[in-house]
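Since the structure comes first, as structure tokens, the remarks are kept for the end.
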Amino acid sequence: MGRKWLVVLSVMLVFTLSLGGSAFAFSDIKGIAEEADIMELKAAGVVDGISADLFAPRAHVTYAQGVHMIVKGMKLNIDNIKFIRAPKASDYFTNVPDDAWYASSFIIAHLNGLPIPKDVDPNKSMTREEFAHLLFGAIEAKGDYAFIEIWTTFEDEKDVNPEMMESVQRLLATKIASLKDGHFYPKRDITRGEAAHLLNKAIKFVKKTKPIEPEPPVDKDVTMAVEKVNDEVNKVTVSWGTKPNLGYSIGIRSITFESDGQAVIEYELHYPKPGEMYGQMIHEPKAETYVSSKYKPVLKPATGGVSDADESVMHVLPKAQ
């Protein structure tokens, strides 16, 4: 009987844990506006309580806690940076001890471009505008997003630090932040509950919003010459400077005729294939196309436009000149 009861109790415990919600909810957040945000961040391992049962949603957030929350919640890292030696917090901040529990978060935040003052006091309470400023910095670190150009007016906007106003406006425009009775209360210390709400909304924004693809850089050696064929057509020749062998070529991937009267010519560059033998001949790769004289030709590198040679590209002319 004892063994059977042990099995039954174990099954009941697993079932209770699988419910996930009420069994481990903090007792001091029930019914508050940020309850769902706090529990979602807790389930994701982003936030902890001050004890197993309490979250203290109305307690103030220190700078150390705020930076740590943002870095952890937004999954910022420095994995793509190679260091001659391991970075230390003291390399960037005067008041952040190298052995502090939050030191690595400050390093990551700084190297991701978050605007943290060099002389910041980690134990100082964060204001709502300071948290908003760093949170928007973290969003920018995740990608280049398109934001609606709208200005939200509110009762205490004159109280916002001018350097932080853009961050506040962006958070309001994206509905990550909202006003309370027409106020933002920028100088008020942010609470743990408020910080959790803003952070969770920012995480969801980044997850559901696709960043803008960066424009490929224009190769400085790529030039364009326009020659009149007749009153209606121009010949456009795109050149890629002088190259040492015939493995280099340039192609025109597409032409887009814009409503503003521009003909956007997307070009792509092709490099010698590894292991292939090419004739050693100085030449200038060129590509030609024809455009209506009603349009102004404009060069643009094609996305992903650097590759090995591809015979499908239009007007590839890898001939010696």
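The values are calculated or read from the model by the stated rules, or taken from the named source; none is laboratory data. Quantities reported herein were computed from a predicted structural model and do not represent experimental measurements. Please note: Cβ atoms are built from the backbone with ideal geometry, for glycine as well, and neighbour counts cover all protein chains shown. Please note that ligands, DNA and RNA were not included when accessible areas were found on the heavy atoms of the full protein model with its side chains. Shrake-Rupley method; radii C 1.70, N 1.55, O 1.52, S 1.80 Å.
In sequence order, region 30-37 has phi-based couplings of 4, x, 7, 4, 9, 4, 4, 4 Hz under the Karplus curve 6.51 cos²θ - 1.76 cosθ + 1.60, θ = phi - 60°, and Gly or Pro positions carry x.
Which pairs, out of Lys42/Lys88; Lys220/Lys286; Lys118/Lys142; Lys42/Lys201, put more than 19 Å between their alpha-carbon atoms? Mind dumping the intermediate values first?
On the way: Lys42/Lys88 29 Å; Lys220/Lys286 15 Å; Lys118/Lys142 22 Å; Lys42/Lys201 14 Å.
Too far apart for the 19 Å limit: Lys42/Lys88; Lys118/Lys142.
Here region 255-302 carries DSSP beta bridges of which approximately 35% are antiparallel, counting only pairs with both residues inside. Take every pair of alpha-carbon atoms less than 8 Å apart whose residues are at least six positions apart; their mean separation over the length of region 195-299 yields a relative contact order of 29 percent. The spacing between region 254-296 and region 151-216, judged by their C-alpha centroids, is 43 Å.
For GluC sites (Glu not before Pro), the sites in region 254-288 that DSSP calls loop and that have at most 14 other Cβ atoms within 10 Å are Glu258, Glu276.
Here's the list of aspartates and glutamates a cross-link from Lys210 could span, going by alpha-carbon distance under 17 Å and ignoring same-chain residues fewer than 8 apart: Glu140, Asp144. For region 163-252, the direction-averaged projected area of the alpha-carbon convex hull comes to 13.3 nm². Distant-in-sequence amide contacts of Val233, defined by a placed amide H-H separation under 5 Å and a gap of 5 or more residues or a different chain, comprise Ser293.
Which order do peptides 222-229, 108-115, 193-200, 73-80 fall in by mean Cβ count within 10 Å, highest first?
Details: 222-229: 12.5, 108-115: 19.2, 193-200: 24.4, 73-80: 14.5.
Taking the mean over residues of other Cβ atoms within 10 Å, the ranking is 193-200, 108-115, 73-80, 222-229.
Give me the Kirkwood hydrodynamic radius of region 96-190 in Å, from all C-alpha pairs, to one decimal place?
Details: mean 1/r = 0.0695 Å⁻¹.
Result for region 96-190 stands at 14.4 Å.
As a test of reading the structure, rank Lys180, Lys208 by solvent-accessible area (1.4 Å probe, protein chains only), most first.
On the way: Lys180 80, Lys208 165 Å².
The ranking, largest first, comes out as Lys208, Lys180.
Contact order, relative form, for region 16-121: 22 percent (alpha carbon pairs under 8 Å, 6 or more residues apart, mean separation divided by residue count).
Highest mean packing comes first when the peptides 148-156, 93-101, 167-175 are listed by Cβ atoms within 10 Å, giving 167-175, 93-101, 148-156.
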